[in-house]
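The values are calculated or read from the model by the stated rules, or taken from the named source; none is laboratory data. Since this is a predicted model, take the numbers as computed values, not measurements. Note that each Cβ is placed from the backbone with ideal geometry, even for glycine, and that neighbours are counted across all protein chains shown.
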Amino acid sequence: MPAYYSKDIEVLEDLLGYRFNNKDLLVDALTHKSYHHENPDEAPRDNERLEFLGDSVLGLVIAESLFRHLVPLTEADMSKMKSYLVKESVLFEMAAMLSLGKYLRLGRGEESTGGRQKKSILSDAVEALFGAIFLDSDYGTAKSVILRLFSDKIDSIISKKEGYDFKSELQEKSQSLFGVLPEYRIVKQEGEEHKKVFTSEVYINGRLYGSGTGKSKKDAQMNAAKEALKKLINE
């Protein structure tokens with residue numbers, strides 16, 4: 001058993017709901033390249049190859065889950081939802097839920113610059129874990145682990161369209177129907193500097209199609225686009 005493996009890491013396995021047969025794979029998944037470069041004898045491998053594999057495994061599991069969902073989804077919907085579910089910020093949420101940062105093996109430079117909280121490092125490590133589980137078991141087992149972590153996110157994005165890119169969809173529909181791009185206008189800002197609420201309106205060919213509010217201009221525009229899409233569908 002690798003020297004780095006300990007009872008503490010078993011807590012991570014409990015959170016994953018999976019016990020590794022080959023503990024070296026788990027340790028490799030937690031080894032950042034900075035640690036490998038500084039300690040090549042102790043850490044002959046880093047997690048980049050596992051990350052590459054895990055990215056593909058995750059993508060297939062998410063795509064299959066969306067395809068088989070009880071709610072029929074179009075190819076365009078599945079593509080947008082998959083892009084959202086596998087993006088860095090969502091993987092970072094998974095890493096936080098697993099307290100993954102404290103298990104990573106980092107080089108001194110990354111350690112000193114807050115590598116245990118970096119989105120890119122943590123999201124890559126999540127994918128590396130998925131790749132390691134796949135190699136240590138099989139696709140079905142890796143799928144069950146991934147869906148255990150992602151099931152709420154998948155249900156939420158389908159039922160509420162959480163994280164859905166309404167602006168991109170409105171842009172596509174506007175170009176298809178009218179041959180023009182939507183125009184967004186921030187019409188109101190309220191609240192204190194650190195608690196501002198923005199109101200945005202979206203126009204197509206000079207006609208108001210939707211308005212929305214949010215804690216950022218981007219959120220306000222996204223909510224305006226969502227309202228505009230509903231109006232287009234009902235016309």
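Restricting attention to the stretch 152-161, report how many residues are within 27 Å of R116 (Cβ to Cβ) and surrounded by fewer than 17 Cβ atoms within 10 Å (Cβ to Cβ). Explain how you work it out, then say what you get.
First, pick out the residues of the stretch 152-161 that are within 27 Å of R116 (Cβ to Cβ): 152-153.
Adding the requirement that they be surrounded by fewer than 17 Cβ atoms within 10 Å (Cβ to Cβ) leaves 152.
So the answer is 1.
So which of D14, D28, D24 is loosely packed, with under 13 Cβ neighbours inside 10 Å and either within 14 Å of A128 (Cα to Cα) or free of Cβ contacts under 8 Å to residues at least 24 places away in the same chain (or both)?
Exactly one of D14, D28, D24 is loosely packed, with under 13 Cβ neighbours inside 10 Å and either within 14 Å of A128 (Cα to Cα) or free of Cβ contacts under 8 Å to residues at least 24 places away in the same chain (or both), namely D14.
Mind checking whether some residue in the stretch 54-63 is modelled with pLDDT of 95 or more, charged (D, E, K, R) and within 14 Å of the chain's Cα centre (by Cα)? I'd like the intermediate steps shown before the answer.
First pass over the stretch 54-63, keeping only residues modelled with pLDDT of 95 or more: 54-63.
Within this subset, residues satisfying the condition of being charged (D, E, K, R) are 55.
Among the residues that remain, those that are also within 14 Å of the chain's Cα centre (by Cα) are: 55.
Yes - at least one qualifying residue is present in the stretch 54-63.
Mind counting the residues in the stretch 92-126 that are among the hydrophobic types (A, V, I, L, M, F, W, C) and in contact (Cβ under 8 Å) with a residue 60 or more places away in the chain?
Selection size over the stretch 92-126: 8.
Can you give me the number of residues within the stretch 171-218 that are closer than 15 Å to K231 by Cα and of a type in the set (F, W, Y)?
3
Pick from L100, L91, L122, L135: which is surrounded by fewer than 21 Cβ atoms within 10 Å (Cβ to Cβ), at pLDDT 95 or above and closer than 20 Å to L50 by Cβ?
Numbers: L100 fails: surrounded by fewer than 21 Cβ atoms within 10 Å (Cβ to Cβ); L91 fails: surrounded by fewer than 21 Cβ atoms within 10 Å (Cβ to Cβ); L122 fails: surrounded by fewer than 21 Cβ atoms within 10 Å (Cβ to Cβ).
Just one listed residue meets the conditions, L135.
Of the conditions (1) more than 13 Å from the chain's Cα centre (by Cα); (2) without any contact (Cβ under 8 Å) to a residue 60 or more places away in the chain, S89 fails just one. Which one is it?
That leaves (1) as the condition not met.
Name the single residue that is surrounded by the most Cβ atoms within 10 Å (Cβ to Cβ) among those in the stretch 210-235 being without any contact (Cβ under 8 Å) to a residue 12 or more places away in the chain and not β-branched (V, I, T). Write out each step before concluding.
Applying the first criterion (without any contact (Cβ under 8 Å) to a residue 12 or more places away in the chain) to the stretch 210-235 yields 218, 233-235.
Narrowing the set further to residues that are not β-branched (V, I, T) leaves 218, 234-235.
On the way: K218: 13, N234: 6, E235: 7.
Taking the candidates together, the pick is K218.
Give E192, E169, E201, E183 a once-over and let me know the one that is without any contact (Cβ under 8 Å) to a residue 40 or more places away in the chain and either in contact with a Leu (Cβ under 6 Å, 6 or more places away or on another chain) or surrounded by 19 or more Cβ atoms within 10 Å (Cβ to Cβ) (or both). Outline the logic, then answer.
Working: E192 fails: either in contact with a Leu (Cβ under 6 Å, 6 or more places away or on another chain) or surrounded by 19 or more Cβ atoms within 10 Å (Cβ to Cβ) (or both); E169 fails: without any contact (Cβ under 8 Å) to a residue 40 or more places away in the chain; E183 fails: either in contact with a Leu (Cβ under 6 Å, 6 or more places away or on another chain) or surrounded by 19 or more Cβ atoms within 10 Å (Cβ to Cβ) (or both).
Among E192, E169, E201, E183, only E201 is without any contact (Cβ under 8 Å) to a residue 40 or more places away in the chain and either in contact with a Leu (Cβ under 6 Å, 6 or more places away or on another chain) or surrounded by 19 or more Cβ atoms within 10 Å (Cβ to Cβ) (or both).
Residues being outside any loop (DSSP other than H, G, I, E, B) and surrounded by fewer than 16 Cβ atoms within 10 Å (Cβ to Cβ): count how many of those fall in the stretch 61-70.
3
Might you check whether a residue that is out of contact with any strand residue (DSSP E or B) (no Cβ under 6 Å at 6 or more places or on another chain), over 25 Å from L66 (Cβ atoms) and assigned to a helix (DSSP H, G or I) occurs anywhere in the stretch 146-153? If you could, list the steps in order and put the result at the bottom.
Taking the stretch 146-153 and keeping what is out of contact with any strand residue (DSSP E or B) (no Cβ under 6 Å at 6 or more places or on another chain), we get 146-153.
Narrowing the set further to residues that are over 25 Å from L66 (Cβ atoms) leaves none.
Taking every residue of the stretch 146-153 in turn, none turns out to be out of contact with any strand residue (DSSP E or B) (no Cβ under 6 Å at 6 or more places or on another chain), over 25 Å from L66 (Cβ atoms) and assigned to a helix (DSSP H, G or I).
Look through A132, A95, A125, A142 and report the one residue that is among the hydrophobic types (A, V, I, L, M, F, W, C), touching an Asp or Glu at 6+ places or on another chain (Cβ under 7 Å) and on the phi < 0 side of the Ramachandran plot. It would help to see each step written out before you state the result.
Values: A95 fails: touching an Asp or Glu at 6+ places or on another chain (Cβ under 7 Å); A125 fails: touching an Asp or Glu at 6+ places or on another chain (Cβ under 7 Å); A142 fails: touching an Asp or Glu at 6+ places or on another chain (Cβ under 7 Å).
Result: A132 is the single residue among A132, A95, A125, A142 that is among the hydrophobic types (A, V, I, L, M, F, W, C), touching an Asp or Glu at 6+ places or on another chain (Cβ under 7 Å) and on the phi < 0 side of the Ramachandran plot.
Criterion first (at pLDDT below 95, outside the structural domain of S144 (by TED's automatic domain parsing) and not aliphatic (A, V, I, L, M)) does P40 satisfy it? Let's see the steps before the verdict.
Working: at pLDDT below 95: yes; outside the structural domain of S144 (by TED's automatic domain parsing): no; not aliphatic (A, V, I, L, M): yes.
Criteria not met by P40.
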